[in-house]
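Below: one structure, written as structure tokens.
Values in this text are rule-based calculations from the coordinates and carry no lab data. On a predicted model such as this, the values are computed, not experimentally measured, just so you know. FYI the Cβ positions are ideal-geometry reconstructions off the backbone, even for glycines, and counts take in every protein chain you see.
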Amino acid sequence: MPSFRNYGVIYSSFFIALILSIMPLPLFLTVFRPEWLLMMLLYWTLAMPHKIGSFHAFILGLILDLLLGSTIGMHAISLPVFSYAFAINFQQIRCFSIAKTTIIVGFIVFLNQLFLYVISLSQQEIVFHGYYFLGVFTSMLIWPWFFLFMRAIRLKFNVAEKL
Amino acid sequence: MKTIFTRGPSYSIRLGIVLALAIFLFFADSKFNLFSSVRVYLNSFVSPLQYIADVPQQLSKTISQYIWTRKALQKRNFDLEKKNLALSADKQFLLQLQNENKALRSLLNSKKTFINKRMITEVIRVRSDPFKYQLLINKGKNDGVYIGQPVTSTLGLVGQISQVGNTTSRVLLIVDSSHGVPVRVRRNGLIANVHGSGDWNKLDIPFIQSTADLKVGDVLETSALGGVFPAGYPVAIVSHFAYVKGELYADASAKPIAKLDKSRYLLLLWPYKDNLKKKVDLNDAKLP
């Protein structure tokens, strides 16, 4: 069953992204952590917008909320929105150069961080540190390599949407 | 085959449904706390992921344990033995004091029970929400951990349990802005409250009279008011105390004594009998 194997590849990549996004890092590196799960979700939404979309984003967001111990629903609200934005524009975004998509991804990661910050601010007092947004730059730095790597994986396992 | 035109709205509808659900969950959790009972199962559901993510860290720890030199090990062993000797001597003294205390209390007819159950737990250093001050530990409901349980380190109070799973739980640290501890000043017994400020190294002490006898360097310890924390555990050292002109209360803040972000092992305490009993009951209920 090819589609079964397709989902196998997709779900194991999400699994790895979840692990990467909570993996313990040395203290000085932890602010540079890229948004693995969001990038993985954006990649798969771009590659197969009819299979991976809001629903998967919602479930992944819930799992991430539980893993991080945040208020349930924070990531489950933000991830589907960005996945949706990619899904409705996938034909345009696919045609963009990698540099352009990198900027778009950076912008989306920034919006995501900003949203999480505002939501947390509504919950309790927060002392804000500017380096909270450093993850945006690491995400942008990693995105081109990540994109090429994931495309290689996708082509190797022949994961594609059949329309 | 679907055409391009039929795809558009279905995305929006899916997004709408999912968003409505997510927003409902968010308010259910943040405002009405509907998940407090289901949290155990939810946390147990994701805890394997957390243990897997922690594997590299554990591996590097085990490897670094293997590459001690013989000399370093000997020195460490010697130091530990020395420390152990000193501590056991102290313990004898403590036992005698405890007996004396018991005798005095029985004379006064005031009863105080000492429950000494405690458990060492290890911090799982996976990432958690950057805006909440919390730690994940590797003990859970299966070990009898309950919500509101006090957690200390070898230096001082760390926080209390805020979420429980079967094999993991979360410790809300005293510096989280939603956390407060009733304390007293060790020097003169002055009673105060210590609130988290949302910064690693600062605690607020609100509602202290400007004329109160509080000095920079005073040790604040738990006062056991409120019934969550047992009395006498050091919490913080006063780092700032200033009279503000025209204000009713002084401007005071403190520094936590425990190294909140650096400690690897923490201690779980069972200070009150009812909670222990509750745990035993739970276990009995599970047997048949």
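Each principal axis of the Cα cloud of the stretch B:200-277 was evaluated for its coordinate range; sorted largest first, these ranges are 51, 29, 16 Å.
Given A:Lys51/A:Lys156; B:Lys202/B:Lys245; B:Lys102/B:Lys259, which pairs have Cα atoms separated by over 26 Å? If you can, show how the numbers build up before the last one.
Numbers: A:Lys51/A:Lys156 19 Å; B:Lys202/B:Lys245 23 Å; B:Lys102/B:Lys259 33 Å.
Exceeds cut-off: B:Lys102/B:Lys259.
The ellipsoid that matches the Cα gyration tensor of chain B has semi-axes, each √(5λ) in whole angstrom, of 40, 29, 23, with the longest given first. With helices as the sole contributors, chain B gives -13500 deg cm²/dmol at 222 nm; each DSSP H run of n ≥ 4 counts as -39500 (n - 2.57), and the sum is divided by every residue.
With only Lys, Arg, Asp and Glu charged, each at its Cβ (+1 for the first two, -1 for the last two), find how big the charge dipole of the stretch A:2-156 is about the Cα centre; round to the nearest 20 debye.
Working: 8 positive and 3 negative charges, 142 e Å.
So the dipole magnitude of the stretch A:2-156 works out to roughly 680 debye.
Which whole-number percent of Cα pairs in the stretch A:1-61 have a distance greater than 14 Å? It works out to 59 percent of all Cα pairs.
Along the charge dipole of the protein assembly as shown, pointing to its positive end and built from +1/-1 on Cβ of Lys, Arg, Asp and Glu, which listed residue (A:Ile108, A:His56, B:Asn84) has its Cα farthest out? Projecting each Cα onto the dipole axis, the largest value belongs to B:Asn84. The angle between the Cα long axis of helix B:4-30 and the longest principal axis of the Cα atoms of chain B comes to about 20 degrees, rounded to the nearest 10. Note on chain B: GNM, Cα springs under 10 Å; of B:Tyr11, B:Tyr66, B:Tyr41, the largest mean-square fluctuation is that of B:Tyr11.
Given axes a ≥ b ≥ c from the Cα gyration tensor, I'd like to know whether the stretch B:201-246 is rounded (a/c under 1.5), prolate (a/b larger than b/c) or oblate.
Details: a/c = 2.35, a/b = 1.79, b/c = 1.31.
Here the stretch B:201-246 falls in the prolate category.
What is the diffusion coefficient of the stretch A:80-133 in µm²/s, taking the Kirkwood radius over Cα pairs and the Stokes-Einstein relation at 25 °C with a viscosity of 0.890 mPa s?
On the way: Rh = 12.9 Å.
My calculation gives 190 µm²/s for D.
Residues considered: B:Lys141, B:Lys259, B:Lys102. Largest GNM mean-square fluctuation over chain B, using C-alpha springs under 10 Å, is found at B:Lys102.
When the Cα positions of B:Tyr146, B:Asn166, B:Pro130 are compared along the charge dipole of the stretch B:117-288, B:Asn166 comes out farthest toward the positive end, with charges on each C-beta of Lys, Arg, Asp and Glu. For the stretch B:15-103, taking Cα atoms only, Rg and Dmax work out to 25.6, 69 Å respectively. In terms of overall dimensions, the C-alpha atoms belonging to chain A reach 50, 31, 31 Å along their principal axes, ordered largest to smallest. Summary of the geometry: the stretch A:109-151 and the stretch A:3-49, compared by the centres of their Cα atoms, lie 14 Å apart.
Based on alpha-carbon atoms, the Kirkwood radius and the radius of gyration of the stretch A:94-163 give Rg/Rh equal to 1.14. Ranking A:Ser122, A:Ile88, A:Tyr132 by how far each Cα lies toward the positive end of the dipole of the stretch A:2-156 (charges on Cβ) leaves A:Ile88 at the top. Springs join every pair of Cα atoms under 10 Å in this Gaussian network model of chain B, and among B:Asn142, B:Asn188, B:Asn77 the largest mean-square fluctuation is at B:Asn77. Each pair of Cα atoms in the stretch B:117-288 enters the Kirkwood radius, and Stokes-Einstein at 37 °C and 0.692 mPa s then converts it into a translational diffusion coefficient of 196 µm²/s. Its residues counted as N, the protein assembly as shown yields a C-alpha radius of gyration over 2.2 N^0.38 Å of 1.17.
The Cα center of the stretch B:113-191 and the Cα center of the stretch A:66-99 differ in position by 35 Å.
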